[in-house]
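Enquirer: Have a look at the structure that comes next, please.
The values are calculated or read from the model by the stated rules, or taken from the named source; none is laboratory data. If you're wondering where the values come from, they're calculated on a predicted model, not measured in any experiment. Virtual Cβ from ideal backbone geometry, glycine too; neighbours counted across all protein chains shown.
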Amino acid sequence: MSVCAQKTRMVLAHKGLEWESKHLDLRAGEQFSAEFRKINPKGLVPALVHDDKVVLESNAIVQYLDEVFAAPPLLPVDAVERAEARGWLIRLDAGLHEHIAVVSFCVAFRHQILQRHATPESLQEFFAQIRDPSRRAVMEDIVTNGLMSSRLLLAVFVYDKLLKDMTSCLAASGCLVGRELSLADFAMLPYIERLEQLQLSQWWESYPELGRWLARLRATPAYELGVAQWSNPAYLQLMKESGSDAWPKIQALLSD
């Protein structure tokens with residue numbers, strides 16, 4: 001249930017494209033296999049193979065799809081609005097993606113890692129597969145420390161600012177950019193839905209615009225084909241069970 005894979009599949013579905021998806025168990029470390037590293041040496045998903053060419057990084061992939069398969073377009077016609085839509089994508093790459101990983105692992109996914117790698121030796125072997133030293137350091141911290149990780153405070157601060165900024169835009173038109181759903185909306189949806197899956201939707205109880213925006217996107221065929229049909233019941237249950245105990249901690253961080 002990678003948020004990056006979700007937004008990519010939504011764009012593929014919105015464009016009406018046919019594609020073959022190969023599922024990797026990220027918690028089992030299948031993305032670090034020699035076979036997949038031939039496609040993406042970083043061991044990150046998603047990776048798009050089109051006409052024997054590989055396109056990496058989800059934001060690059062969705063923009064590539066919008067350029068190569070122009071209809072229906074997902075970037076606005078107006079140049080200023082196109083820049084604004086790309087600004088939301090930049091915001092994801094500038095830190096939000098790492099912050100959703102921090103929240104997801106601190107709250108829920110760390111339990112899978114610790115269960116699969118029950119000995120210190122096995123856990124270190126898992127961490128060692130992450131070649132990027134900075135990414136490895138983050139993963140070691142959030143898996144080991146969970147809700148006590150110092151990175152969680154920054155993630156909560158960034159997310160709180162994001163929710164307020166999104167609400168401001170949505171109050172004007174119901175979309176993040178302009179009056180029609182765009183690449184910005186499809187790209188941002190998984191990062192907000194993940195909070196709900198982690199039982200953190202109380203975060204935006206005072207922002208009804210976010211609830212209406214989520215409902216609008218979930219009513220699209222792109223959501224059904226790109227997200228709903230790929231849901232993992234075991235992951236959803238894990239996030240539900242783990243998240244129910246996390247909200248008081250998040251709430252305390254918000255009040256600091």
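Enquirer: In the stretch 48-89, what residues are in contact (Cβ under 8 Å) with a residue 12 or more places away in the chain, hydrophobic (A, V, I, L, M, F, W, C) and either under 27 Å from Asp165 (Cα atoms) or in contact with a strand residue (DSSP E or B) (Cβ under 9 Å, 6 or more places away or on another chain) (or both)?
Expert: Leu48, Val54, Leu56, Ile61, Val62, Leu65, Val68, Leu74, Leu75, Ala85, Trp88, Leu89
Enquirer: Let me ask something additional. Would you check which residues across the stretch 44-78 are surrounded by 15 or more Cβ atoms within 10 Å (Cβ to Cβ) and part of a strand (DSSP E or B) and list them?
Expert: Residues satisfying the conditions are Ala47, Leu48, Val55, Leu56.
Enquirer: Please list, ordered by first then second residue, the pairs with beta carbon atoms under 8 Å, 6 or more apart or interchain, first in the stretch 140-155 and assigned by TED's automatic domain parsing to the domain that holds Gly95, second surrounded by fewer than 18 Cβ atoms within 10 Å (Cβ to Cβ) and in a loop (DSSP other than H, G, I, E, B).
Expert: From the stretch 140-155, the pairs are Asp141/Ser150; Leu153/Asp256.
Enquirer: I would also like to ask the following. Residues of the stretch 22-43 being in contact (Cβ under 8 Å) with a residue 40 or more places away in the chain and either in contact with a helix residue (DSSP H, G or I) (Cβ under 8 Å, 6 or more places away or on another chain) or assigned to a strand (DSSP E or B) (or both), which ones?
Expert: Answer for the stretch 22-43, where residues must be in contact (Cβ under 8 Å) with a residue 40 or more places away in the chain and either in contact with a helix residue (DSSP H, G or I) (Cβ under 8 Å, 6 or more places away or on another chain) or assigned to a strand (DSSP E or B) (or both): Arg27, Ala28, Gly29, Gly43.
Enquirer: Would you say Ala172 is at pLDDT below 95 and in a helix (DSSP H, G or I)? Step through it out loud before you land on a result.
Expert: Numbers: at pLDDT below 95: yes; in a helix (DSSP H, G or I): yes.
The answer is yes for Ala172.
Enquirer: Okay, moving on. Against the conditions (1) of a type outside the set (Ser, Thr, Tyr); (2) at pLDDT below 95; (3) surrounded by 15 or more Cβ atoms within 10 Å (Cβ to Cβ); (4) not in a helix (DSSP H, G or I), where does Arg179 fall short? Just the number, please.
Expert: (3)
Enquirer: Something else now. Among the residues in the stretch 187-208, are any closer than 21 Å to Leu74 by Cα, assigned to a helix (DSSP H, G or I), more than 16 Å from the chain's Cα centre (by Cα) and among the charged types (D, E, K, R)? Write out each step before concluding.
Expert: The initial filter retains those residues of the stretch 187-208 that are closer than 21 Å to Leu74 by Cα, namely 187-193.
Remaining after also requiring assigned to a helix (DSSP H, G or I): 187-193.
If we keep only those that are more than 16 Å from the chain's Cα centre (by Cα) as well, we get none.
Within the stretch 187-208 (the criterion being closer than 21 Å to Leu74 by Cα, assigned to a helix (DSSP H, G or I), more than 16 Å from the chain's Cα centre (by Cα) and among the charged types (D, E, K, R)), the answer is no, since none of the residues qualifies.
Enquirer: Which helices (runs of 4 or more DSSP H) sit wholly inside the stretch 217-256 and have at least 2 residues that are farther than 24 Å from Lys161 by Cβ and of a type in the set (A, V, I, L, M, F, W, C)? Before you say what the answer is, go through the steps one by one.
Expert: Values: elements: 221-226, 233-243, 247-255.
Filter on the stretch 217-256 gives 221-226, 233-243.
Enquirer: If you don't mind, another one. Yes or no: the stretch 7-16 includes at least one residue that is under 17 Å from Ser231 (Cα atoms), of a type in the set (Ser, Thr, Tyr) and either touching a helix residue (DSSP H, G or I) at 6+ places or on another chain (Cβ under 9 Å) or surrounded by 12 or more Cβ atoms within 10 Å (Cβ to Cβ) (or both).
Expert: Going through the stretch 7-16, the residues under 17 Å from Ser231 (Cα atoms) turn out to be 7-13.
Subset that is of a type in the set (Ser, Thr, Tyr): 8.
Then keep just the ones that are either touching a helix residue (DSSP H, G or I) at 6+ places or on another chain (Cβ under 9 Å) or surrounded by 12 or more Cβ atoms within 10 Å (Cβ to Cβ) (or both); that gives 8.
The answer is yes, given that some residue of the stretch 7-16 is under 17 Å from Ser231 (Cα atoms), of a type in the set (Ser, Thr, Tyr) and either touching a helix residue (DSSP H, G or I) at 6+ places or on another chain (Cβ under 9 Å) or surrounded by 12 or more Cβ atoms within 10 Å (Cβ to Cβ) (or both).
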